[in-house]
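Engineer: Following this message is one structure expressed as structure tokens.
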Amino acid sequence: MEERNELYPIFLKVNQLNILIVGGGNVGLEKLHFLLKSSPRANVEMLAKYFKPETIALAEKHQIKLTKRSYKRKYLKGRHLVIATTDSPKLNKKIYLQARKRFLLANIADTPELCDFYMGGIVNKGHVKIAISTNGKSPTTAKRLRQLFEEVIPDDINLMVENLNEFRKNIKGDFESKVAQMNKITETLIEKKLKND
């Protein structure tokens with residue numbers, strides 16, 4: 001049987017969640033940047049003994065709390081997500097195990113077997129957001145697919161989404177008839193695209 005990606009994609013309201021990133025080096029900066037690129041108002045605290053100047057600048061720009069301390073279990077209290085990016089595999093694993101005991105979702109950087117979720121490639125055009133996952137196998141493939149989608153999805157897609165949302169609000173009938181009407185309208189978008197190709 002062919003191996004398949006069994007991850008279930010969800011879109012989290014990270015501005016309403018409490019996220020902890022442990023580690024202040026390059027990987028911690030990368031994870032923070034990734035979160036803020038997608039969600040500029042993400043609610044994040046970073047915990048490390050040292051922070052890169054770039055991390056401090058990014059944190060100040062987005063009101064991210066930086067705590068200059070060593071990791072202790074008490075920092076998991078009240079969290080929803082934990083991301084560990086320290087250069088100590090032993091500490092990262094400890095964070096993962098302690099997070100699991102508290103039913104917290106954890107991502108241990110560069111250690112797929114210690115991840116409850118992956119931070120995949122994201123295409124963001126206004127209200128349209130596409131998440132790309134390679135099941136942790138190839139971040140480069142996710143990056144290339146992201147670049148492809150960014151190129152082919154028109155910049156004015158947001159206008160279409162807004163217009164369809166207004167139309168949807170005014171459709172009469174039960175759920176099934178509303179779905180049928182929306183499908184009929186949007187299928188012409190695919191037909192036009194195929195004709196233009």
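The values are calculated or read from the model by the stated rules, or taken from the named source; none is laboratory data. Quick caveat: nothing in here was measured; it's all calculated off a predicted structure. Here the Cβ is made from the backbone with ideal geometry for all residues, glycine too, and neighbour counts use every protein chain on show. The accessibility values were calculated without ligands, DNA or RNA, using every heavy atom of the protein model including side chains. Shrake-Rupley method; radii C 1.70, N 1.55, O 1.52, S 1.80 Å.
Engineer: Just give me the residues in segment 95-113 being surrounded by 17 or more Cβ atoms within 10 Å (Cβ to Cβ) and at pLDDT below 95, in sequence order.
Structural biologist: Within segment 95-113, just Ala109 meets the criteria.
Engineer: Within segment 45-80, can you find the residues that are closer than 20 Å to Gln98 by Cβ and either buried (at least 18 other Cβ atoms within 10 Å of the Cβ) or touching a residue at least 60 places away in the same chain (Cβ under 8 Å) (or both)?
Structural biologist: Met46, Leu47, Ala48, Tyr71, Tyr75, Leu76, Gly78, Arg79, His80
Engineer: Same structure, new question: Looking at the structure I just gave you, is Asn92 in contact with a helix residue (DSSP H, G or I) (Cβ under 9 Å, 6 or more places away or on another chain) and crowded, with 16+ Cβ neighbours inside 10 Å?
Structural biologist: Judged against the criteria, Asn92 is a match.
Engineer: Follow-up question, since we're still on this one. Restricting attention to segment 3-25, report how many residues are of a type in the set (S, T, N, Q) and either in contact (Cβ under 8 Å) with a residue 60 or more places away in the chain or farther than 27 Å from Lys125 by Cα (or both).
Structural biologist: Adding up the residues that qualify gives 2.
Engineer: Here is a further query. Scanning segment 114-125 for residues that are open to solvent by 30 Å² or more (accessible area, probe 1.4 Å) and among the hydrophobic types (A, V, I, L, M, F, W, C), which turns out farthest from Pro40 (Cα to Cα)?
Structural biologist: This residue is Phe117.
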